[in-house]
Amino acid sequence: MENTVAEKVGCLIIGSGPAGYTAAIYAARANMKPLLYQGIQPGGQLTITTEVENYPGYPDGIQGPEMMEHFEKQARRMGTDIRYGLATNVDFGVRPLRVEIDEEKWIEADAVIISTGAAAKWLGIESEQRLNGYGVSACAVCDGFFFKGKEAAIVGAGDTAAEEALYLSKICSTVHMIVRKGEMRASKVMQERVIATPNIKIYWHSETDEILGDKKVEGVRILNNQTNEKTEIPVSAFFVAIGHKPNSDIFKGWLEMDDAGYIQTTPGTSRTNIEGVFASGDVQDKIYRQAITAAGSGCMASLDAERYLSEKGLH
């Protein structure tokens, strides 16, 4: 592998969801001349979302992909150099910092903003992918509202699944919770709340066999892994809550992370353990995971980076 440096920039942004684009808008307006690489999924998780109704400023709602087009256009208009490419390696032990793109060229940067996001874990069944956005979702807080008064299923057994089941119980008529084992991984208090909620029905020792429906979710077929008995439940929505995986692998060994791989930042800032490297959005946020909070943290990262570059006399 050639270790040649293709170019040197002041501020490099990796990732193109709400965090990356917001960081780019702020950085460009501050005359930091940011270079942004979009990564494997330009627009991030919002490109696999249909209707977004909870982002301020869109009174009639907006489609996720269209919203990300707006973010991109705004970042470009401010002067961000936006390119398609994937960060494949980093060297944060040198100054300037170095990031490899597409395994072929290295970019040197005085400041790096990481906005690589996280990806929902999926069950991996065909019907789940086919009906994604048509009743299948990995975010109950984002999409539960569309199924008000209807029946919904949720799969998962951790705290996130329990929280999302409780959230859905306030919106949906019945929540069918599919749990693989005879117990949940969720904390005791969360389990107790779920069990005490009358319109949450738990199916223990159960796995998803198939999500039913042609053009939209109409039901779910579950398999009891003790009796091998299959049951069909009519539902309008199917929520997957088996966790997220932050896209942080290339930073392992450089940046401090928690057990799940989320990049750790100094509380109240976007700063990582390496000077000049900032993290924003879902790659460092496992709690909120909303477009609006990601955008807010992208703004923080850009302001932190600008302050850092000024202090070092680099901007």
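The values are calculated or read from the model by the stated rules, or taken from the named source; none is laboratory data. Bear in mind the structure is a predicted one, so any value in this text is a computation, not a measurement. As a convention, Cβ positions derive from the backbone with ideal geometry for all residues, glycine included, and neighbour counts pool all protein chains shown.
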Members of region 272-291 that are of a type in the set (Ser, Thr, Tyr) and at pLDDT 95 or above
Thr272, Ser280
Determine whether region 217-238 contains at least one residue that is β-branched (Val, Ile, Thr), outside the structural domain of Val155 (by TED's automatic domain parsing) and either within 21 Å of Ala138 (Cβ to Cβ) or not in a strand (DSSP E or B) (or both).
no
Among (1) modelled with pLDDT of 95 or more; (2) closer than 25 Å to Asn225 by Cα; (3) buried (at least 21 other Cβ atoms within 10 Å of the Cβ) - the single one Ile200 does not satisfy
(3)
Only one of (1) at pLDDT 95 or above; (2) surrounded by fewer than 19 Cβ atoms within 10 Å (Cβ to Cβ); (3) of a type outside the set (Val, Ile, Thr) fails for Lys188. Which number is that?
(1)
Which residue, of Thr231, Thr227, Thr197, is more than 30 Å from Arg98 (Cβ to Cβ) and in contact with a Phe, Trp or Tyr (Cβ under 9 Å, 6 or more places away or on another chain)?
Thr231
In the set Asn54, Asn31, the lone residue that is within 20 Å of Ser297 (Cβ to Cβ) and either in contact with a Lys or Arg (Cβ under 7 Å, 6 or more places away or on another chain) or among the polar types (S, T, N, Q) (or both) is Asn54
Somewhere in region 74-86, is a residue touching a helix residue (DSSP H, G or I) at 6+ places or on another chain (Cβ under 6 Å) and of a type in the set (S, T, N, Q)?
yes
If a residue counts only when it is of a type in the set (Val, Ile, Thr), surrounded by 16 or more Cβ atoms within 10 Å (Cβ to Cβ) and not assigned by TED's automatic domain parsing to the domain that holds Gly158, which strands (runs of 3 or more DSSP E) contained entirely in region 31-144 have at least 3 such residues?
105-114
